[in-house]
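The block underneath contains the structure these notes are about, expressed in structure tokens.
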Amino acid sequence: MEATQDYIKKNEKKFLDELFELLKIPSVSADSKYKKDVERAAEFIRSSLVEAGAENVEVCPTKGHPIVYGEKIIDPKLPTVIVYGHYDVQPADPLNLWDSPPFEPVIKNNKIYARGACDDKGQVFMHIKAFEGMMKTNTLPCNVRFMIEGEEEVGSSNLGTWVKENKNRLKGDVILISDTSIIANDIPSIEVGLRGLSYVQVEVTGPNRDLHSGVYGGAVGNPIQVLCKMIDSLKDKNNRITIPGFYDDVLELSKEEREELNKTPFDVEEYKKDLGVEELMGEAGYSPLEHTGIRPTLELNGIWGGYTGEGSKTVLPSKAYAKISMRLVPNQSSEKITKLFSDHFEKIAPKCVKVKVLPHHGGEPVVTPTDSIAYKAASKAMETTFGKKPIPTRGGGSIPIVALFEKELGLKSVLMGFGLDSDLIHSPNENYGVFNFMKGIETIPLFFRNFTEMSK
Ligand code: BES
Ligand code: MN
Ligand code: MN
């Protein structure tokens, strides 16, 4: 183990240089303009895996963006860790809010600034470099398979099919994922829950064409205003979602479980200050940790219609649109919630408009165990490298494939992420601490060793 850690420490500069090459590739999965770049990023991951010592490495085409697979099977009798991550990134805009260009990585204040620095290229690369470290020093203690996809940020829609068709390549004992955060660099934690997601786009049509807002205004329903009213009615004064049946399947936590969750270090004043808000706004009767950890929510992600260009235009538009996401908790089902939403939204529409609901993508919520060998192996590894035992936390984000792995492969995941909530993932100036990057590379080999030993 010492040799591995030695190798890692000596190669920090090399690791960072290589990561920078990956970060320079704008692998934005949502925008077809970047299709070639997404392919280039897949190829980069492929060659990094080969160089690190993986075998049977392949860029596997799908109906969408490719999945990179690679493995090192040293002894079929030993345990097998499946490493999952994603090399695709969110769109970088608004570009004008970045202090340096999103695909020209730089280090400032010991942080790597670039789109994907944390989510998830930086964290995927930690795994490849930790593997390289174990290979170069002959210390890989068990088998490993890598599955690095290119469609996580757009809902992993083709990964499910690939998993179903490649079950033989996915024989293993646990899925290890670094795509989440810790509480702080001196408060390590492991996420043991992820929320599910239902995502829809709605279209509200009023008159059959754009109208003069003076000639017709006052007599005809304005779809933007109707949409605003409809959206407003989706939450009541207690910030509870009004869609009938929305909460029916929500697993309520016991008083003890809630008390335990609320012991997680969290400073409301710091939180508000950091966000520049004077007050928070969440479902009555729950704390902010509960709002994001164990309660479902409905959020407007975008709303548009009418004239938004320079100056003014007097128009009563024909159409208005919104993108709406609902984060789900155990035991809600994404399909059921999408249906409840659609039925309700169509029902509350006044007769002066027509409504269309277009479902986008979804994912199921998950809770991962803390009494598994894999969780204990991760906890012990982080305790060694951080000097403190990590706290189990409930994350608010979603990684839809985690529930699918459980369903299709019967495998649980361990979410051993190293990001911080302040890393600005999906936002301008996304960054990842060099500390976090190196801490991840140091911790991963310890997970492999602990997991192998504890599995005996
Ligand atoms: N890595 C994130 C999810 C995440 C971030 C989990 C921080 C926990 C802490 C992932 O890449 C992501 O952004 N997922 C999307 C879901 C997807 C279907 C677009 C999300 O949560 O919005
Ligand atoms: Mn991610
Ligand atoms: Mn993301």
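Key figures for this structure:
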| item | result |
| --- | --- |
| Compactness of the chain as Cα Rg over 2.2 N^0.38 Å, two decimals | 1.04 |
| Pairwise label distance in nanometres, ASN208 with GLU256, each label 7 Å out on the Cα-Cβ vector | 6.6 nm |
| Cα pair distances exceeding 17 angstrom across segment 280-332, given as percent | 57 percent |
| Surface accessible to a 1.4 Å probe, per residue, for the residues of segment 308-456, Å² | 44 Å² |
| Stretch gain in nm, segment GLU12-LYS167, where the contour uses 0.36 nm per residue and the Cα spacing is subtracted | 52.3 nm |
| Carbon plus sulfur fraction of accessible area for segment 187-249, probe 1.4 Å, in percent | 49 percent |
| Among beta bridges that DSSP assigns inside the chain, antiparallel share in %, nearest 5 | 70 percent |
| Carbon plus sulfur fraction of accessible area for segment 63-120, probe 1.4 Å, in percent | 52 percent |
| Span-rule helices in the chain, defined as complete DSSP H runs reaching 30 Å or more along the axis (Cα) with Kyte mean at least -0.5 | 434-455 |
| Entries in LYS136/LYS376; LYS167/LYS388; LYS9/LYS72; LYS13/LYS388 that, when Cα-Cα distance is taken, lie over 32 Å | LYS167/LYS388 |
| CD proxy at 222 nm, helix term only [per DSSP H run n ≥ 4: -39500 (n - 2.57); per residue of the chain; nearest 500] | -10500 deg cm²/dmol |
| Gain on full stretching of the segment that runs from SER372 to HIS360 - 0.36 nm per residue minus C-alpha separation | 0.9 nm |
| Estimated FRET transfer efficiency (LEU409, TYR286; beta-carbon r; R0 45 Å; 0.05) | 0.85 |
| Cβ crowding within 10 Å averaged over residues, with 113-122, 132-141, 205-214 ranked highest first | 113-122, 132-141, 205-214 |
| Over 24 Å [Cα-Cα, segment 1-95], rounded percent | 34 percent |
| Where labels lie 7 Å past Cα in the beta-carbon direction, separation of ASP186 and ASN56 in nm | 4.7 nm |
| Convex hull projection area averaged over all views, segment 374-438, Cα basis, nm² | 5.5 nm² |
| Estimated FRET transfer efficiency (SER47, ASP274; beta-carbon r; R0 51 Å; 0.05) | 0.85 |
| Spatial separation of Cα centroids for segment 10-36 and segment 230-299, in angstrom | 36 Å |
| DSSP bridge orientation in segment 64-192 - percent antiparallel, rounded to nearest 5 | 45 percent |
| Carbon/sulfur fraction of accessible area - segment 345-456, other protein chains in place, 1.4 Å, % | 55 percent |
| LYS388-SER233 pseudo-label distance in nm [points 7 Å out on the Cα-to-Cβ vector] | 4.8 nm |
| Residue-normalised accessible area of segment 189-292, given per residue in Å² at a 1.4 Å probe | 58 Å² |
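The values are calculated or read from the model by the stated rules, or taken from the named source; none is laboratory data. Values in this document were obtained by computation on a predicted structure and should not be read as measured data. Using ideal geometry, Cβ is built from the backbone for each residue, glycine included, and neighbour counts are taken over all protein chains shown. Surface areas here come from the heavy atoms of the whole protein model, side chains and all, with no ligands, DNA or RNA. Shrake-Rupley method; radii C 1.70, N 1.55, O 1.52, S 1.80 Å.
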